[in-house]
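All remarks here apply to the structure that follows.
A short reminder: the numbers here are calculations on the coordinates, not readings from a lab. The model shown is predicted, which means the values in this text are computed figures rather than measured ones. We place every Cβ from the backbone using ideal geometry, glycine too, and count neighbours over all the protein chains shown.
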Amino acid sequence: MQTGTSKLFDLSGRNAIVTGSGRGLGRAMARGLAEAGASVVIGDLDGESARDAAKELQTVGRRAIAVAFDARKRADVERLVATATETLGGLDIMVVNHGIATTAKAEDIAAEAWSETIDVNLTSAFTCAQEAGKQMIRQGRGGSIIFTGSINSLAVFPLFTSYGVTKAGIDQLARQLAVEWGPHKIRVNVIAPGWMSTYMRGREGAYESPELLKSIASLTPLGRKCNPEELVGPLVFFASDAASFVTGHVVPVDGGWCLR
């Protein structure tokens, strides 16, 4: 039986959805929530990746189910939330993690590319949070919504105009929802990762060149890029009773990058 401080971080009996969790950052976060005791819905556009991630958790005795869905389609998001609610018995934690990133000079960004980035990173993130929030309000027991943001909302990186704008929007969205849904005991926060390996569409392998890794290390006080597993601590904190009076915050997990 857990007591004291350890009990604060215990997620036993809680049900979570993690979007974009078939691989990469989302998969590490889903695993972390499961290891803390939560039942987890693996939501991903790639159904095969989602099923593989769920099977990985099931193999080690965790409760996990896979749902293939497109976050840009409200009907799919509604189905994702309904599946979690009906299969697991409710929804306590929503991690909105999916996203894309493309690079271009500001003057060269195509209208279609701009619209797609806004649609995937901001509009569909709101849809996921909104549907989760509606379910949590119906349940009447509160909950925790956690967005994966980026330090690109706090610092400027060349060629990442559309991506940075969407992540800045996520920060403000979290603050807005924290205020509006606070009376329902729903907490809303953002984890803002620094440079790390990522599997976002269009960026596979983009951060692995020796030259870039050396540059990242030189600009990061802790001297290296982040590992996906290092998001688990802040995630479990936000999801758990340890953060029962914490809402509307953006927490960089960046090795000190934003301090330089």
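For the reader, a short list of remarks on this structure follows.
- Whole-Å distance, taken between Cα centres, linking region 172-197 and region 55-117: 16 Å
- The label-point distance for ALA242 and ARG260, in a model that sets each label 7 Å from Cα toward Cβ, rounds to 2.8 nm.
- Fewest-first ordering of MET94, MET136, MET196, MET29 by other beta carbons within 10 Å of each residue's beta carbon gives MET196, MET136, MET29, MET94.
- Helix-only CD estimate at 222 nm, as mean residue ellipticity for the chain, using -39500 (n - 2.57) per DSSP H run (n ≥ 4): -13000 deg cm²/dmol
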